[in-house]
Amino acid sequence: MEVQLDLNFSITYPEVSFPEGLTLITGPSGVGKTTLLRALHGDYDSAFARMVQKQKTALMPQQQKWVSYMTMREQLSMTVDDMWETYAKRLGLQEHFNKLPSQLSIGQQQRFWLTWVLAEEAQWVLLDEPTSALDDDWASIVIDLFDEYQKNKVHTKMVIVTHDMRLIQGKIHNHHIAL
C-alpha cells in the first residue's frame, strides 16, 4: 500500500489490516507511522483512506493545536457532547475546565485532547504518541482507560502509534504492527 505525500515522494507500506479493538503501531522514527495515521484519517488519498471511507475518524496528533483565547470547557463543549466531562474527570482535569491552554502543562493539554478524541464517538480512534508527555501514574490511568474504552466500544478500531514501552508492555492491544 502506498501513500503519495507529494509529486516526488511516497511511502510504501506492507499489507496491513486493522481488526476491531486496539492496534499498536511501533517502529523507529521516520518510517511513516504518523503518516499512516494521517492517511487513515483521510489526510492523503490512499488505500488507507478508502479503508475507512464513510466511517467517522478522530485523530489525536502529537502536537495539539488549541484556540488560545478559549477555555478548555468552551473548546470541548462546542465540538463534542458532554461525555468529554466524564473522560476529563477520569483524567484528573476537573480543576482545569475554565483555564486557557496556555495555563496548562503539556501533559494536561495532552489529556484534554485525549478526552476530546474519545468523546468524538468515532468508529476509528487514531492516537499519535498519546502518552508521550505523561508520567507513569497518568500513563497507567490512560492505559486502563484505553482498555475499558475498547471493551465498551466493541465495534471501534483504536490505532495507536507509540514508542512508549508502558503501552507496549500493557498488553491491552489486540494487534501489533511493527514497521
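Mind jotting down a quarter of the surface of the convex hull over the alpha carbons of the range 22-179, in square nanometres, one decimal?
9.1
Computed on alpha carbon atoms, what radius of gyration and Dmax characterise the range 1-95, expressed in Å?
Rg and Dmax of the range 1-95, Cα atoms, are 16.7, 48 Å.
To the nearest Å, what is the center-to-center distance of the range 105-179 and the range 1-50, using C-alpha atoms only?
Taking the Cα centre of each part, the range 105-179 and the range 1-50 sit 18 Å apart.
Given a Förster radius of 41 Å and the C-beta distance between R50 and N152 as r, what FRET efficiency does 1/(1 + (r/R0)^6) yield to the nearest 0.05?
Efficiency for this residue pair is about 0.90.
Convex hull volume of the Cα atoms in the range 94-168, per residue, in Å³?
Expressed per residue, the convex hull around the Cα atoms of the range 94-168 is 97 Å³.
List the trypsin sites (Lys or Arg not before Pro) in the range 36-67 that DSSP assigns to loop (not H, G, I, E or B) and whose Cβ has at most 16 other Cβ atoms within 10 Å. Which are they?
Sparse-neighbourhood loop trypsin sites (Lys or Arg not before Pro): K54, K56, K65.
Using DSSP to call loops (not H, G, I, E or B), can you name the GluC sites (Glu not before Pro) in the range 1-108 whose Cβ has at most 16 other Cβ atoms within 10 angstrom?
Filter output for the range 1-108: E15, E20.
Full-extension gain between H176 and T71, please, as 0.36 nm times their residue separation minus the C-alpha to C-alpha distance.
Stretched fully, the H176-T71 segment lengthens by 34.1 nm.
Place +1 on the Cβ of every Lys and Arg and -1 on the Cβ of every Asp and Glu in the range 74-167, take the dipole about the Cα centre, and give the residue among P130, H155, H96 whose Cα lies farthest towards its positive end.
H155
With axes computed from alpha carbons, what is the tilt in degrees of helix 136-152 against the longest principal axis of the chain, rounded to the nearest 10 within 0 to 90?
Between the helix axis and the principal axis of the chain, the angle is about 70 degrees.
Any idea what the relative contact order of the range 1-103 is, in percent, if you count C-alpha pairs under 8 Å spaced at least 6 apart?
21
Throughout, read-outs are computed from the coordinates displayed, never taken from laboratory work. It should be emphasised that the depicted structure is a prediction, and the values quoted were computed from it without experimental measurement. A quick note on method: Cβ atoms are made from the backbone with ideal geometry, for glycine too, and the neighbour counts reach across all protein chains shown.
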